Amino acid sequence: MNREMKLRFGIPIGSLQKATLEMMARAGFNVVVHPRSYYPTVDDEELEVRLIRPQDMSRFVEKGVVDAGLTGNDWVAENGSDVHVVTELHYSKETLKPVRWVLAVPEDSPIREVKDLANKRIATELVNVCRNFLSSHGIHAEVEFSHGATESKAPDLVDAIMDCTETGSSLRANRMRIIETVLVSRTQMIANRSAWANPWKRRKMESLATLLCGAVNARFMVGLKMNVSKENFQRVIAVLPAMKRPTVSPLADEAGYALETIVDESIVRSLLPELQRAGAEGIVEYPLNKVIP
């Protein structure tokens, strides 16, 4: 196939890689990562996939090395990259929660507020973001790049850190106290502006974004099917979550109705007994790959 008829797509390597590959599999793309290779294979002849560090993704997308890729808006901001945001994808390495970049200090530190960081030393991977944040508060501090294990550097090496967290557990384990959230970051699908202007590539990116969003939406959802008699219909409807109206089909011989709906998986274990008590029969729970509104 002509290279111009391929979409060059960057997948983040590292902590987000596993969750991304699982999401792509649910979206219908079988991506195989080969040992010691940065060029996975994918069962879509219109896609050319490349593994790229999320820290570098926006720079390579901006330059057109790849047409599109997945990375956090934190790294787009750090690199100051001029890219088109196709969509946000609400997933991360552990949860559906966004990542927070926070300023933190040791629990016994006298530093209580952002203003107390004036003339202090701060370690972080997002140097530019941190400097810009402090500057917006009129604060000058020494901000240095951290190559990793940032939470271990205070108080011996620096006075404070700016690090990313999903749950805060690592910071608490290292006896760190958060004083401010600097940036909330979500995974984004970003595109090179010239590639986005190409009708074929834009259509491919839009289709890919739809499928990936559908996979993320389905991550913690399940489908339910059940039968219900006419006399119990309103009781069962009253038990179902009110977010979406169920699909209702008449059963043969006017025996009642077949209901089908989608619900949050977290409520299923309490919902199913309630549905049975309300008169639902033949209840079937099934997994979902994609939910597209």
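Bear in mind that the values in this text are calculations on the coordinates, not laboratory data. No experiment lies behind these values; they were computed from the predicted model shown. Cβ coordinates were reconstructed from backbone atoms using ideal geometry, including for glycine residues, and neighbour counts include every protein chain displayed.
From the gyration tensor of the Cα coordinates in the range 85-230, what semi-axes in whole Å does the equivalent ellipsoid have, largest first, with each one equal to sqrt(5λ)?
39, 23, 12
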Which distance in Å, rounded to a whole number, links the C-alpha centroids of the range 30-87 and the range 111-132? 30
Karplus (6.51, -1.76, 1.60) ³J(HN,Hα), θ = phi - 60°, over the range 10-26, in Hz, Gly and Pro reported as x: x, 9, x, 8, x, 5, 8, 5, 4, 5, 5, 5, 5, 5, 5, 5, 5
Which FRET efficiency value, to the nearest 0.05, do you get for PHE145 and ARG203 by plugging their Cβ-Cβ distance into 1/(1 + (r/R0)^6) with R0 = 25 Å? 0.05
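So how strong a dipole does the range 159-293 carry about its Cα centre when Lys and Arg Cβ are +1 and Asp and Glu Cβ are -1, to the nearest 20 debye?
For this selection, approximately 620 debye.
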Could the peptides 132-140, 254-262 be put in order, highest first, of the mean number of other beta-carbon atoms found within 10 Å of their residues? 254-262, 132-140
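Report the calculated FRET efficiency for ILE283 and ARG36 (r = Cβ-Cβ distance, R0 = 41 Å), to the nearest 0.05. Please list the in-between numbers first.
Working: r = 48 Å, r/R0 = 1.17.
The formula returns an efficiency of 0.30 here.
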Just want the answer: with Cβ charges of +1 for Lys and Arg and -1 for Asp and Glu, which residue in GLY80, LEU259, ASN198 is farthest toward the dipole's positive end in the chain? ASN198
For the range 159-174, take each phi angle, set θ = phi - 60°, evaluate the Karplus expression 6.51 cos²θ - 1.76 cosθ + 1.60, and give the result in whole Hz per residue in order, putting x for glycine and proline. 8, 8, 10, 10, 9, 9, 8, 9, 10, x, 5, 5, 5, 5, 5, 9
In square nanometres and to one decimal, what's the mean projected area of the convex hull around the Cα atoms of the range 1-126? 10.5
Any residue on another chain or 5+ positions along whose placed amide H is under 5 Å from the amide H of THR87 is listed here as MET189
Using per-residue counts of other Cβ atoms within 10 Å, averaged over each peptide, order 99-106, 214-221 from highest down. 99-106, 214-221
Evaluate the distance, in nm, between pseudo-label points positioned 7 Å from the Cα of SER270 and of GLU254 along their respective Cα→Cβ axes. 3.9
For ILE179, residues with placed amide H under 5 Å, excluding near neighbours: LEU103, ALA104, VAL105
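Please rank PHE9, PHE145, fewest neighbouring Cβ atoms within 10 Å first, as an exposure proxy.
Least to most surrounded, the residues fall as PHE145, PHE9.
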Putting +1 on Lys and Arg Cβ atoms and -1 on Asp and Glu Cβ atoms, find which of SER92, SER146, GLY168 reaches farthest to the positive end of the dipole of the range 49-188. SER92
Given backbone amide H placed at 1.01 Å from N, residues whose amide H is under 5 Å from that of MET221, ignoring those fewer than 5 places away on the same chain, are GLU265
Would you mind classifying the range 99-184 by shape? Square roots of the alpha carbon gyration tensor eigenvalues, ordered a ≥ b ≥ c; an a/c under 1.5 is rounded, otherwise it is prolate if a/b is larger than b/c and oblate if not. rounded
Can you check how the C-alpha radius of gyration of the range 221-287 compares to 2.2 N^0.38 Å, as a plain ratio? 1.01
Alpha-carbon centroids, the range 5-26 and the range 203-275: separation in whole Å: 29
Can you list the HN-Hα couplings for the range 136-153, worked out from phi with the Karplus curve (6.51, -1.76, 1.60; θ = phi - 60°), rounded to whole Hz and with x for Gly and Pro? 5, 9, x, 10, 9, 8, 8, 9, 10, 6, 10, 8, x, 6, 4, 5, 8, 8
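Taking only Cα atoms of the chain, what ratio of Rg to Rh do you get with Rh as the Kirkwood inverse-distance radius? Display every interim value, and only then the final one.
Values: Rg = 24.1 Å, Rh = 22.1 Å.
Over the Cα atoms of the chain, Rg/Rh equals 1.09.
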